[in-house]
Amino acid sequence: MSITIKTAEEIEKMRIAGRLAGEVLDYIEPYVKPGVTTAELDRLCQDYMEKVQGCIPAPLNYAPPGYPPYPKSICASVNHQVCHGVPNERPLKKGDIVNLDITTIKDGWHGDTSRMFIVGEASILAKRLCAITLECLWLGIAQVRPGARLGDIGAAIQRHAENNGFSVVREFCGHGIGSHFHEEPQVLHYGKAGTGVVLEAGMTFTIEPMINAGKAAISELSDGWTIVTKDRSLSAQWEHTLLVTPGGVEVLTLSAGCPPKPATLP
Ligand code: MF3
Ligand code: CO
Ligand code: CO
């Protein structure tokens, strides 16, 4: 399958799915407090998607080749978990950082977004890692316009992460998205400017950098899904779904409670 250019009608459906995914994160934010379990957050998000929004949670039973069916409706990755953390019965505690990753399906179209949440009060390092990773996402978004290349996105993200003493996870990347959860192209969060696929208006893809406080290496837990840093250092991730527009970029997963582009960026 190649990179699909979405029609005006398809884009309108992706705007709806994208906003709904962002609104799940708005909804869950007040529940992310010391003592709550990620399994509780999963149940709350699943109910909200299914009963309030009329969406399908895309992760539930998602089974790409080589993976067991994903057992939950959201991903919840805590501290040294990089991504695809499977919600469980362990309570969150003060100082934890957690990524909640939501993918909705509405009317057959997908929206995919994730944010970091700080449980109570976090360490200076944890806060800095979350903030720099959000800057990485927005520096990537700032590269998106027709004629730019995928390598421009990866290079901007890698440079900012490494200039701040952090590392970029290599094994997982952003992805095309539309009527399928994961489509072409792969959107690497590292690389060389001026290389790779040339962007065209109507392309839709995610940018979702995973940035580690320590080394870039990862390992997979025996559940077949949860990814952790090999050195057990903290990891952060933020994700938006983007549309390439004639004038640049539209962020499809914005919602009322979404943190804006950081004021620290140009
Ligand atoms: N939402 C993740 C992404 O950004 C993918 C999760 S796959 C799942 O691509 F099965 F774990 F949900
Ligand atoms: Co994604
Ligand atoms: Co996601």
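The values are calculated or read from the model by the stated rules, or taken from the named source; none is laboratory data. Predicted, not measured: the structure shown is a model, and the values here were computed from it. Note that each Cβ is placed from the backbone with ideal geometry, even for glycine, and that neighbours are counted across all protein chains shown. Accessible surface areas use protein heavy atoms only, side chains included; no ligands, DNA or RNA. Shrake-Rupley method; radii C 1.70, N 1.55, O 1.52, S 1.80 Å.
Quick notes on this one:
- Low-density loop cleavage sites - trypsin sites (Lys or Arg not before Pro) in region 43-93, where at most 10 other Cβ are within 10 Å (DSSP): none
- Share of carbon and sulfur in the accessible heavy-atom surface of the chain [1.4 Å probe, %]: 56 percent
- For the chain, calculated [θ]222 nm from helices alone, where every DSSP H run of n ≥ 4 adds -39500 (n - 2.57): -8000 deg cm²/dmol
- Whole-Hz couplings from phi, Karplus 6.51/-1.76/1.60, listed for region 116-128; x for Gly and Pro: 8, 10, 9, 8, x, 10, 9, 5, 4, 4, 4, 5, 5
- Heavy atoms of the protein chains alone define the surface here; on that basis region 195-245 has 32 Å² accessible area per residue at 1.4 Å probe size.
- Probe 1.4 Å, protein heavy atoms only - accessible area per residue of region 46-172 in square angstrom: 40 Å²
- Relative contact order (%) - the chain, alpha-carbon pairs under 8 angstrom, separation at least six: 23 percent
- Residues in region 68-74 carry Karplus couplings, in order, of x, x, 5, x, 10, 9, 9 Hz; the curve used is 6.51 cos²θ - 1.76 cosθ + 1.60 with θ = phi - 60°, and Gly or Pro positions show x.
- Dipole magnitude (debye, nearest 20) for the chain, charges at Cβ of Lys, Arg, Asp, Glu: 660 debye
- Long-range HN-HN contacts of C83 with modeled amide H, under 5 Å: I227
- Farthest positive-ward along the chain dipole, Cα basis, beta-carbon charges - from H110, Q81, G224: Q81
- Calculated log₁₀ intensity ratio I(q)/I(0) where the Debye formula runs over C-alpha points of region 1-107, q = 0.20, 0.23 Å⁻¹: -1.06, -1.26
- Interchain or long-range residues, amide H under 5 Å from L242's placed H: F205, T206, I207, L252
- The eigenvalues of the Cα gyration tensor, multiplied by 5 and square-rooted, give region 8-251 an equivalent ellipsoid with semi-axes of 26, 23, 16 Å from largest to smallest.
- Remark: region 102-108, residue by residue, has Karplus-estimated 3J(HN,Hα) of 10, 10, 9, 10, 10, 6, x Hz, where x stands for each Gly or Pro and the curve is 6.51 cos²θ - 1.76 cosθ + 1.60 at θ = phi - 60°.
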